[in-house]
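These notes concern the structure reproduced below.
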Amino acid sequence: KKAGKKFIVVDRPDPIRADIVEGGLIEKRYRSFTGLHNVPLRYGLTPGELARYLSRTGEIDAEVIIIPMKGYRRSMWWEDTGLQWTAPSPNIRDAEAALLYPGMSFFEATNLSEGRGTDLPFRLVGARWLTDAAAIARVMNARSPGGVRFESVRRRIGRGEKFGGETIPMIHLVVTDRDSVR
């Protein structure tokens with residue numbers, strides 16, 4: 001806005017549906033690149049709607065123009081759109097990783113691996129000291145969380161990531177019903 005430019009968003013679908021909103025807001029002191037604005041973890045907005053909201057609430061200072069989509073319904077998953085997947089981040093390689101990211105991203109700030117450096121980033125969590133992964137998976141499955149199953153696995157982590165070069169115990173989140181995942 002300072003440069004006298006309008007911010008134009010060619011809108012696109014929310015890959016994990018835009019009709020579900022859940023999770024708390026981020027306190028200002030904990031905001032970061034991956035949690036920058038005062039919105040729920042799963043905010044249920046398309047990129048254009050998010051830009052409009054952030055502009056209207058003063059989170060960003062911009063004149064926003066949205067180029068809307070045609071034929072989009074808020075209850076659509078990415079696959080329902082017929083569009084080819086383009087990873088929004090190198091480690092969010094498909095819609096299932098995008099679905100789990102709002103919860104799994106918390107592990108990024110811990111001493112646990114969030115699966116980076118494996119074939120399943122944001123679907124695995126582990127550490128060399130997580131020797132009770134099988135017991136944790138059993139407890140989590142007994143709680144019957146909606147839409148996911150927990151499996152104990154071991155994975156080699158790629159160099160340059162937490163536990164890089166090591167094979168560590170991990171818990172694999174397997175999506176069984178994406179409509180029920182919370």
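Out of (1) in a helix (DSSP H, G or I); (2) over 16 Å from VAL21 (Cα atoms), the odd one out for THR118 is which?
That leaves (1) as the condition not met.
Does any residue of the stretch 23-33 turn out to be among the hydroxyl-bearing types (Ser, Thr, Tyr) and touching a Ser or Thr at 6+ places or on another chain (Cβ under 7 Å)?
Start the filter on the stretch 23-33 by keeping residues that are among the hydroxyl-bearing types (Ser, Thr, Tyr), which leaves 30, 32.
If we keep only those that are touching a Ser or Thr at 6+ places or on another chain (Cβ under 7 Å) too, we end up with none.
No; the residues of the stretch 23-33 include none that is among the hydroxyl-bearing types (Ser, Thr, Tyr) and touching a Ser or Thr at 6+ places or on another chain (Cβ under 7 Å).
Search the stretch 89-114 for residues that are over 19 Å from GLY158 (Cβ atoms) and pair each with any residue that is of a type in the set (Phe, Trp, Tyr) and part of a helix (DSSP H, G or I) when their beta-carbon atoms are under 7 Å apart and the residues are at least 6 apart or on different chains.
Hits for this filter: ALA95/TRP78.
Please verify whether the stretch 53-75 includes one or more residues that are in contact (Cβ under 8 Å) with a residue 24 or more places away in the chain, buried (at least 17 other Cβ atoms within 10 Å of the Cβ) and closer than 21 Å to GLY147 by Cβ.
No, every residue in the stretch 53-75 fails to be in contact (Cβ under 8 Å) with a residue 24 or more places away in the chain, buried (at least 17 other Cβ atoms within 10 Å of the Cβ) and closer than 21 Å to GLY147 by Cβ.
Restricting to the stretch 73-88, name every residue that is among the hydroxyl-bearing types (Ser, Thr, Tyr) and over 23 Å from GLY158 (Cα atoms).
Pass one, the stretch 73-88, residues among the hydroxyl-bearing types (Ser, Thr, Tyr): 75, 81, 86.
Residues satisfying the conditions are SER75, THR81.
Within the stretch 15-28, can one find any residue that is closer than 29 Å to HIS172 by Cβ, open to solvent by 60 Å² or more (accessible area, probe 1.4 Å) and free of Cβ contacts under 8 Å to residues at least 60 places away in the same chain? Spell out how you get there, then give the answer.
Taking the stretch 15-28 and keeping what is closer than 29 Å to HIS172 by Cβ, we get 15-24, 26.
Applying the additional criterion that residues be open to solvent by 60 Å² or more (accessible area, probe 1.4 Å) yields 19, 21.
Narrowing the set further to residues that are free of Cβ contacts under 8 Å to residues at least 60 places away in the same chain leaves 19, 21.
Yes, because at least one residue in the stretch 15-28 is closer than 29 Å to HIS172 by Cβ, open to solvent by 60 Å² or more (accessible area, probe 1.4 Å) and free of Cβ contacts under 8 Å to residues at least 60 places away in the same chain.
Hey, can you tell me all the residues within the stretch 147-182 that are part of a loop (DSSP other than H, G, I, E, B), open to solvent by less than 40 Å² (accessible area, probe 1.4 Å) and in contact with a helix residue (DSSP H, G or I) (Cβ under 9 Å, 6 or more places away or on another chain)? Please lay out each step first, then the result.
Restricting attention to the stretch 147-182, the residues satisfying the condition of being part of a loop (DSSP other than H, G, I, E, B) are 147, 157-166, 176-177, 181-182.
This time we only want the ones that are open to solvent by less than 40 Å² (accessible area, probe 1.4 Å), so: 147, 157-158, 163-165, 181.
Residues satisfying the conditions are GLY147, VAL181.
The values are calculated or read from the model by the stated rules, or taken from the named source; none is laboratory data. The structure presented is a predicted model; accordingly, all values stated were derived computationally and were not measured. Backbone-built Cβ (ideal geometry, glycine too); neighbour counts: all protein chains shown. In case anyone asks, the SASA skips ligands and DNA or RNA and just uses the protein heavy atoms, side chains included. Shrake-Rupley method; radii C 1.70, N 1.55, O 1.52, S 1.80 Å.
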